[in-house]
Amino acid sequence: MSNEPGLVRCLTRCTIKPYPNISKQTQPAHQQERKQQKPHHIQKQQSYHLTPWDLSLISAHSIQFGLLYAKLPSSLSVSSVDNVGDQYHSSPGAFVDQLKHSLSQTLPHFLPLSGRFVTNKHDDPPSSSISIECSDENNSFQGVEFIVAAAPITLNDILSPRLIPPTVRSFLTLHGDGAMLMVNHDGHTTPLLSVQVTELVDGYFIGCSINHAVVDGTSFWHFFNAWAEICREKKNADEFISRPPILDRWFLNDYQKQVDNVEQDNHAIINLPFSHSDEFISRYPPPPLVEKIFHISAQSMSQLQEQANNECGTVKISKFQALTALIWRSLTRARGLHPEQETSCGICINDRDRLHPPLSENYFGCYITVEMVKTKAGELLRQNLGSTALGLHEVIADHTDENIRSWLNDWKKEPKIINLGSNYDNSSMLVGGSPRFNPYGCDFGWGKPLAVLSGWPYKFSGNVWTNPGKAGGGSVDLEICLSPEAMSALESDDEFMGATSTHHEKIL
């Protein structure tokens, strides 16, 4: 089998729009979530202002994840293959039609995904504000991109412990000339959601690319699971889903109160003090890196937590904090940092449950901030695992409602836009994703996925994605990006490899 990305053939490309016949969705009382979960007409609001959380990521990349499935019976094939010359012919069947129809039925619940960004410029003072507009000048929903593709690759080519072919990157949309320079701000002209379904020799890959200024990981998997639920149970757009999203974006006004009606409150409009997007947009071409997936068993996770707490004489350290401490120490050794060189560990934190009162996990949008912990490499490695984990615990525990509100107020006065190229280097590390997400719950009606794979975004040295392990029970899969030299050293690190096993790897 060749590893050329060009082997992925695009068969069809179309636009899917929200299903039009929507009625009011009124939840049963036992399913209501505080006063935030209000009955509403799904199509009522078609304009959504971006929050400081959203806007801080406007120069970053989209979120790209996809799920691998075993092949369906031939009667439900997405396409057929002519063995003569390896020609692919479109033959839409029940499988792809069902995915398209259920996606259309899902979009009314997640209406912002069907829109585009619109910038409104202001002259006095020079500034601009960005919103999501779900309909165009003709009052028609703009929709999402849906691609059907095919590739002569087997499940074993992907799931085996050997190198995953670079072709896998083409299973997720926005891949092509210049795609790796795209940022969330490009959602002014490109779909906020793109779906690609790729037929393999004996399986399928369903990939989603969603603008990160519209969703965080919590909302990404909320949408993916809801789509699978609607497809699996063949629900209509106006039927109840198990977790209806809350689309109203959450802001603070000048009096530190929640803004309940964003349509009528000017505090919901965040002005950026820039006259042109070139002042805050930076495009980051990822360097050559090695990405490898390591598996941490549930037993190893418990052992790490027990070790960290015992070394500090406490019970406060969580499994995730102990794991993050292990990775940070191991990457610092693998990179061979000078003892006096500063190293940093960034942790993406979901702010929903840290606000007071807390926001529902069903709040749809981007509600994450990054807490950074910094120290010198020598000091980090002189500590034991528990001391490092305890330091991380203290920083995370201090991420409170008061600090979040302070961050929001400071941001409104002086916006800080994250630029990946300038914020991350060979001494930094960023942990994203969460073992609490539920990718393996995405059963579209033909079984659970076999694997979770990410796309090209956020491939900088020291990026670490955490996903639940397929085995469940508290196991975790880590996607780690490093230079080839640092990855080789990491694989020779006794402390790290003693807690992990190699799942599979891919060269970027």
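The values are calculated or read from the model by the stated rules, or taken from the named source; none is laboratory data. Here the structure is a predicted model, which is why all the values come from computation and not from measurement. Positions of Cβ are backbone-derived with ideal geometry, glycine not excepted, and every protein chain shown enters the neighbour counts. The area values use the complete protein model at the heavy-atom level, side chains included, leaving out ligands, DNA and RNA. Shrake-Rupley method; radii C 1.70, N 1.55, O 1.52, S 1.80 Å.
Of Pro273, Pro285, which residue is more than 30 Å from Ser47 (Cβ to Cβ) and either modelled with pLDDT of 90 or more or open to solvent by 70 Å² or more (accessible area, probe 1.4 Å) (or both)?
The match here is Pro285.
Out of (1) surrounded by fewer than 13 Cβ atoms within 10 Å (Cβ to Cβ); (2) at pLDDT 80 or above; (3) among the charged types (D, E, K, R), what's the single condition that is false for Asp54?
(1)
Working only within the stretch 299-324, note down all residues that are out of contact with any helix residue (DSSP H, G or I) (no Cβ under 8 Å at 6 or more places or on another chain), assigned to a helix (DSSP H, G or I) and open to solvent by 30 Å² or more (accessible area, probe 1.4 Å). Steps first, answer last, please.
First, pick out the residues of the stretch 299-324 that are out of contact with any helix residue (DSSP H, G or I) (no Cβ under 8 Å at 6 or more places or on another chain): 299-300, 303, 306, 313, 320.
Narrowing the set further to residues that are assigned to a helix (DSSP H, G or I) leaves 299-300, 303, 306, 320.
Once the filter is applied, which keeps residues that are out of contact with any helix residue (DSSP H, G or I) (no Cβ under 8 Å at 6 or more places or on another chain), assigned to a helix (DSSP H, G or I) and open to solvent by 30 Å² or more (accessible area, probe 1.4 Å), the stretch 299-324 yields Gln299, Gln303, Glu306, Phe320.
Counting only residues that are more than 30 Å from Leu326 (Cβ to Cβ), within 24 Å of the chain's Cα centre (by Cα) and among the hydrophobic types (A, V, I, L, M, F, W, C), how many does the stretch 267-298 have?
Of the residues in the stretch 267-298, 3 are more than 30 Å from Leu326 (Cβ to Cβ), within 24 Å of the chain's Cα centre (by Cα) and among the hydrophobic types (A, V, I, L, M, F, W, C).
With the condition kept exactly as written, say whether any residue in the stretch 488-505 is closer than 19 Å to Leu430 by Cβ and under 20 Å from the mean Cα position of the chain (by Cα).
Looking through the stretch 488-505, none of the residues is closer than 19 Å to Leu430 by Cβ and under 20 Å from the mean Cα position of the chain (by Cα).
Considering only residues that are in contact with a His (Cβ under 9 Å, 6 or more places away or on another chain) and modelled with pLDDT of 90 or more, look in the stretch 151-195 and name the one that is surrounded by the fewest Cβ atoms within 10 Å (Cβ to Cβ).
Val183
Confirm whether Tyr367 is at pLDDT 95 or above, within 23 Å of the chain's Cα centre (by Cα) and crowded, with 21+ Cβ neighbours inside 10 Å.
Yes: the conditions hold for Tyr367.
Here are some conditions: (1) among the hydroxyl-bearing types (Ser, Thr, Tyr); (2) open to solvent by 40 Å² or more (accessible area, probe 1.4 Å); (3) at pLDDT 90 or above. Ser129 meets all but one. Which one does it not meet?
With respect to (1) among the hydroxyl-bearing types (Ser, Thr, Tyr); (2) open to solvent by 40 Å² or more (accessible area, probe 1.4 Å); (3) at pLDDT 90 or above, Ser129 is out only on (2).
Identify the residue in the stretch 329-354 that is part of a loop (DSSP other than H, G, I, E, B) and touching a residue at least 60 places away in the same chain (Cβ under 8 Å) and, among all such residues, is nearest to Ala226 (Cα to Cα).
Asp351
Would you check which residues across the stretch 428-487 are more than 24 Å from Ile230 (Cβ to Cβ), charged (D, E, K, R) and either open to solvent by less than 20 Å² (accessible area, probe 1.4 Å) or touching a Lys or Arg at 6+ places or on another chain (Cβ under 8 Å) (or both) and list them?
Lys459, Asp477, Glu479
Suppose the filter is surrounded by 15 or more Cβ atoms within 10 Å (Cβ to Cβ) and under 30 Å from Ile210 (Cα atoms); does Asn403 pass it?
no
List the pairs whose first member sits in the stretch 88-101 and is in a helix (DSSP H, G or I) and buried (at least 16 other Cβ atoms within 10 Å of the Cβ), whose second member is of a type in the set (Val, Ile, Thr) and at pLDDT below 90, and whose Cβ atoms are under 8 Å apart, counting only residues at least 6 apart or on separate chains?
Taking only residues 6 or more apart or on different chains, the pairs are Phe95/Val78; Val96/Val78.
Let me spell it out: the conditions are (1) exposed (fewer than 11 other Cβ atoms within 10 Å of the Cβ); (2) modelled with pLDDT of 85 or more; (3) of a type outside the set (A, V, I, L, M), and Asn261 meets all of them except one. Which number is the exception?
Only one criterion is unmet by Asn261, namely (2).
Scanning the stretch 346-364 for residues that are among the polar types (S, T, N, Q) and under 18 Å from the mean Cα position of the chain (by Cα), which turns out nearest to Ile58 (Cα to Cα)?
Restricting to residues being among the polar types (S, T, N, Q) and under 18 Å from the mean Cα position of the chain (by Cα), the top hit is Asn350.
Only one of (1) buried (at least 20 other Cβ atoms within 10 Å of the Cβ); (2) free of Cβ contacts under 8 Å to residues at least 60 places away in the same chain; (3) farther than 17 Å from Asp493 by Cβ fails for Leu380. Which number is that?
With respect to (1) buried (at least 20 other Cβ atoms within 10 Å of the Cβ); (2) free of Cβ contacts under 8 Å to residues at least 60 places away in the same chain; (3) farther than 17 Å from Asp493 by Cβ, Leu380 is out only on (3).
Residue by residue, here is whether (1) touching an Asp or Glu at 6+ places or on another chain (Cβ under 9 Å); (2) closer than 25 Å to Leu304 by Cβ; (3) among the acidic types (Asp, Glu); (4) at pLDDT below 95 holds:
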{"site": "Lys413", "(1), (2), (3), (4)": "no, no, no, yes"}
{"site": "Thr466", "(1), (2), (3), (4)": "yes, yes, no, no"}
{"site": "Gly472", "(1), (2), (3), (4)": "no, yes, no, yes"}
{"site": "Leu478", "(1), (2), (3), (4)": "no, yes, no, yes"}
{"site": "Cys481", "(1), (2), (3), (4)": "yes, yes, no, yes"}
{"site": "Phe496", "(1), (2), (3), (4)": "no, yes, no, no"}
{"site": "Leu508", "(1), (2), (3), (4)": "yes, no, no, yes"}
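Testing Val315 on (1) β-branched (Val, Ile, Thr); (2) under 26 Å from the mean Cα position of the chain (by Cα); (3) at pLDDT 95 or above, one condition comes back false. Which one is that?
The single condition Val315 does not satisfy is (2).
Could you count how many residues in the stretch 281-319 are in contact with a Lys or Arg (Cβ under 8 Å, 6 or more places away or on another chain) and hydroxyl-bearing (Ser, Thr, Tyr)?
Residues flagged as in contact with a Lys or Arg (Cβ under 8 Å, 6 or more places away or on another chain) and hydroxyl-bearing (Ser, Thr, Tyr) within the stretch 281-319 amount to 1.
Going by the conditions given, is Leu192 among the aliphatic types (A, V, I, L, M), under 25 Å from Leu159 (Cα atoms) and in contact with a Lys or Arg (Cβ under 8 Å, 6 or more places away or on another chain)?
Considered against the rule, which asks whether it is among the aliphatic types (A, V, I, L, M), under 25 Å from Leu159 (Cα atoms) and in contact with a Lys or Arg (Cβ under 8 Å, 6 or more places away or on another chain), Leu192 comes out as no.
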